[in-house]
1. Under 7 Å by Cβ, and 6 or more places apart or on different chains, what pairs join a residue from the stretch 102-126 that is among the hydrophobic types (A, V, I, L, M, F, W, C) with one that is loosely packed, with under 13 Cβ neighbours inside 10 Å and at pLDDT 75 or above?
2. Of all residues in the stretch 158-168, count the ones that are assigned to a helix (DSSP H, G or I) and modelled with pLDDT of 95 or more.
3. Go through the stretch 589-602 and give me each residue that's under 17 Å from S636 (Cβ atoms), open to solvent by less than 30 Å² (accessible area, probe 1.4 Å) and in a strand (DSSP E or B).
4. Of all residues in the stretch 470-492, which are assigned to a loop (DSSP other than H, G, I, E, B), open to solvent by 10 Å² or more (accessible area, probe 1.4 Å) and over 13 Å from F453 (Cβ atoms)?
5. Within the stretch 23-53, which residues are open to solvent by 40 Å² or more (accessible area, probe 1.4 Å) and without any contact (Cβ under 8 Å) to a residue 40 or more places away in the chain?
6. Inside the stretch 635-683, counting only strands (runs of 3 or more DSSP E) that do not spill past its ends, which hold 2 or more residues that are surrounded by fewer than 17 Cβ atoms within 10 Å (Cβ to Cβ)?
7. Could you list, in sequence order, the residues of the stretch 686-716 that are closer than 14 Å to G565 by Cβ, open to solvent by less than 10 Å² (accessible area, probe 1.4 Å) and small (G, A, S)?
8. Here is a check on your reading of the model: is H71 modelled with pLDDT of 90 or more, closer than 25 Å to L115 by Cα and out of contact with any helix residue (DSSP H, G or I) (no Cβ under 6 Å at 6 or more places or on another chain)?
Amino acid sequence: MVLRRLGDEARDGKRWGEAATHYSAYLQQAPEDWPLWVQLGHCLKESGDVEGGLASYHRALLLAPEDSDLHLQIGHALKLLGRIEQALHSYQRAVSLDHKNAEAKREAAYLQELLAETKAEIAKATALRSTRLMFDVSDLIQYIREWRVPSGIQRVQLNVIFFALTEFTALADPIVVYFDQTGSRWVPVKSQLFLALHKAAESGDEIFEEDLQNFLDQLDDPELPKNHLDTQLQKNDVILVNLGSSWWVENYFLKIRELRKQYGIRYVPMIHDVIPLTASKHCAERLVEEFCQWFSTLPFEVDGAVTNSQWSAVDVRHHVSEFLPEVVFPIQPIALNGDMRRDFSSRAVAVKDTIAHLIPAGASFVLCVGTLESRKNHLLLFKAWDRLLAKYDASDVPVLVCLGKAGWLFDEAAEFLRANGLLNSRILLLSSVTDQSLVALYQESLFTLFNSFYEGWGLPVTESLSFGTLPLVACNTSLSEAGGRAAVYFRSDDLDDLHDKLETLIFNAEERKRLSNQARINANLRDWRDIAKEFIETILEIQPSANIRQSVLLRAPIGRIVHLGKSNALKPSFDLAMANILRDGLNWHRLEDWGSWTTPGTAALRLPLPDEVIGQDLMLFLRFRGTAVDTSITVSCWLDDQRLGAPIEHMIGHGMRHNMAFRLNPRSPHLSLTIDAGAGSSLGPGDRDVGIGVTHLMLCRVDDTAAQHHFMNAFPELREQAVNGIHANLQRIDIQPC
């Protein structure tokens with residue numbers, strides 16, 4: 001009984017893992033105590049081990065097969081695992097055993113409706129509708145506006161979409177679009193126009209200004225009717241594909257959600273890496289914060305994803321499981337082992353003379369391609385060259401050519417280089433070269449060197465192998481996939497091992513030749529046409545899952561303040577997703593540090609409720625920020641698309657903070673709010689038109705005084721009033737149960 005008591009105490013303290021340990025030990029002594037098997041199941045489920053909890057419930061079921069509540073708990077666990085039809089069967093069994101089990105009745109009705117909608121969506125997608133891939137090139141267009149020279153991520157997009165538009169048209173039936181932020185609309189890009197951009201990108205290292213301007217001028221094609229894209233989306237089963245990055249695009253998930261609601265599209269992004277999560281010290285802090293907020297939202301909004309390596313796929317799943325342990329994230333790796341010779345051959349023929357002005361006359365060299373940033377760990381390479389120069393005559397040590405744009409936190413490596421004059425004479429930093437020169441650098445180098453703390457793939461390794469040049473590579477993350485059996489590896493961040501490998505490759509010509517020949521034989525390269533086909537076929541196989549995942553997992557937090565703005569958190573979490581998840585529709589401006597402006601008109605918040613608070617008295621707190629002028633707003637609460645009570649009107653003074661507190665008793669999980677700010681106002685010349693600012697919200701039980709006290713003390717205007725016993729800035733509204 002001691003073990004059972006200890007388990008109860010740990011359970012009451014919400015120390016789920018500790019409680020599970022005590023209950024497990026107790027049940028070894030008393031295996032017939034079926035209620036304790038149920039308690040063990042609860043604790044395992046709460047600790048994130050839903051499968052373990054389900055197994056414990058089934059053990060209890062052997063002893064109490066007619067217990068209605070036990071079948072209810074099994075249904076909850078199955079629902080969390082996404083096994084919806086099995087969950088429905090369990091709920092129905094619970095109702096058959098006890099017709100008064102209201103919770104089981106509600107769950108069964110909800111899942112029946114969900115399954116019917118899902119089956120209808122699938123039927124709609126397969127009935128006389130062709131499946132089309134719609135490629136979002138917003139990221140590509142924005143990048144080329146700023147940089148002109150396509151990087152690795154941009155070349156992946158250009159190549160895959162090129163083949164989709166040419167050789168695999170029948171398979172992909174592609175549409176190309178971008179999102180016009182100014183007009184807040186998706187705009188189709190004509191195939192001929194994208195192919196012209198692809199040709200311009202292939203014509204040289206930099207897209208000519210005239211070519212770029214011609215492309216940009218034709219983006220909004222007046223020849224296409226305004227409803228052209230709408231017609232295509234209505235008529236077809238569309239999968240929206242983003243092969244670039246979208247975490248920096250404001251309100252991107254809100255845009256995707258609107259497409260899903262309006263047209264039933266599927267959404268499949270490419271996740272190139274999770275560097276801000278795994279190598280955050282090598283990234284700007286604001287970048288990490290924004291990436292974490294995007295990544296926290298990702299599992300709720302995608303139907304599936306693709307990535308570039310097995311390593312990246314494992315990393316993505318791991319980081320999702322850290323805050324959503326019950327989710328198996330649907331991501332498929334597609335190796336980027338494309339033979340780059342074809343990619344370069346149409347525009348660059350290796351001519352040794354093209355690099356004569358770059359490399360000291362008669363000098364041999366080793367090539368390192370990669371952004372000059374701390375993550376690439378150039379400092380280790382510089383230290384290795386410093387050690388070589390201490391042991392050998394400088395004329396015998398090859399020049400290390402480091403090719404890459406300046407990046408984040410390169411100061412330490414640069415200072416090490418500046419402090420050593422001799423070292424500085426044998427290391428050459430280049431920011432960019434022509435494609436012709438790049439081919440010559442690869443082919444004329446003794447070997448290539450690639451070092452990094454973390455990579456999503458490692459395209460320079462693939463490029464080196466494409467041009468028949470042996471790569472020496474740090475053995476970590478996905479680099480071993482990029483190099484395969486062809487590369488030579490050194491232990492990650494190990495100066496001694498790197499130095500030894502460098503000595504061998506530099507001073508043992510016979511061994512270098514042997515390894516180079518072996519690399520050419522073992523290089524696992526394929527045509528970009530085949531890579532594009534794998535992308536297309538993989539994406540076409542991805543089935544709708546976002547709606548089911550949201551219906552099972554998405555619930556508004558209870559008793560916790562939700563900040564509807566940017567976060568400074570450096571780790572993904574469920575709560576971090578809420579600013580993106582709860583704001584609904586396109587009538588929101590971007591997230592800012594303080595919160596978010598609505599646009600003029602009506603903005604919406606969705607607040608899906610957890611099962612345990614349905615039918616209970618709740619408080620909903622909402623905090624507003626005034627604009628530069630007095631603004632009249634109308635707030636309405638909705639349940640299952642039915643308005644609760646009368647709309648609440650209030651004038652919010654310019655620059656003021658105002659708080660509303662709604663008391664309600666919802667009998668359904670589908671709670672939402674609308675905020676109508678009318679014509680709104682301008683933030684100033686050249687700035688945005690806005691409705692009203694919304695900064696925070698909180699849902700809690702009426703009797704949760706601790707949570708309400710926390711909200712009252714979280715903000716200066718309420719904290720001061722709470723001390724003085726005045727609540728002029730907290731508008732309380734009672735809404736009748738519905």
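The values are calculated or read from the model by the stated rules, or taken from the named source; none is laboratory data. Predicted, not measured: the structure shown is a model, and the values here were computed from it. Here the Cβ is made from the backbone with ideal geometry for all residues, glycine too, and neighbour counts use every protein chain on show. For the accessible areas, the whole protein counts, side chains as well, though only heavy atoms, and no ligand, DNA or RNA atoms are used. Shrake-Rupley method; radii C 1.70, N 1.55, O 1.52, S 1.80 Å.
1. Close Cβ pairs (under 7 Å, with a partner that is loosely packed, with under 13 Cβ neighbours inside 10 Å and at pLDDT 75 or above) amount to L115/E85.
2. 6
3. Within the stretch 589-602, T598 is the sole residue that qualifies.
4. G484, R485, A487
5. Answer for the stretch 23-53, where residues must be open to solvent by 40 Å² or more (accessible area, probe 1.4 Å) and without any contact (Cβ under 8 Å) to a residue 40 or more places away in the chain: S24, Q28, Q29, P31, E32, W34, P35, Q39, H42, E46, S47, E51.
6. The strands (runs of 3 or more DSSP E) meeting that bar are 642-652.
7. Across the stretch 686-716, the qualifying residue is only G693.
8. So H71 does not fit the description; no.
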